[in-house]
């Protein structure tokens, strides 16, 4: 006489297969993530087609220590503004570019740019090294 046992209903879920699948997907994403390059931005070429100004720009240099220079002379910001105004009074079509060392704080560069913009120097830009 063989008795058939009644199977009890199990009230637990076996999550081990789900963990295995999750770990396999994690490994796949970790291996493939460095191979993707989502941050590439292709900039348009502008070096040859732009009209070059007839007069060279006025170059304001911001050094590592935060000093500002104009034509190799270290100046305070108010002196710098007066010197730039006198240069632009003679030739108003000239532009002003800021050449800053790459280790200079962003705040210092923006401070010089803001000083020029608030004092109505319209043509202000940043000097970059071409690649």
Please find, among 38, 34, the residue that is in a helix (DSSP H, G or I) and either at pLDDT below 85 or under 25 Å from the mean Cα position of the chain (by Cα) (or both).
34
Determine if segment 84-101 includes at least one residue that is over 18 Å from residue 118 (Cα atoms) and either in contact with a helix residue (DSSP H, G or I) (Cβ under 8 Å, 6 or more places away or on another chain) or at pLDDT below 85 (or both).
yes
Is one or more of the residues making up segment 77-93 in a strand (DSSP E or B) and exposed (fewer than 13 other Cβ atoms within 10 Å of the Cβ)?
no
Does residue 17 count as exposed (fewer than 10 other Cβ atoms within 10 Å of the Cβ) and modelled with pLDDT of 80 or more?
yes
Across (1) surrounded by 10 or more Cβ atoms within 10 Å (Cβ to Cβ); (2) at pLDDT below 90; (3) more than 18 Å from the chain's Cα centre (by Cα), residue 23 clears everything bar (2)
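The values are calculated or read from the model by the stated rules, or taken from the named source; none is laboratory data. Bear in mind that the values here come from a model prediction, so they are computed numbers and not experimental data. Cβ: placed from backbone, ideal geometry, glycine included. Neighbour counts: every protein chain shown.
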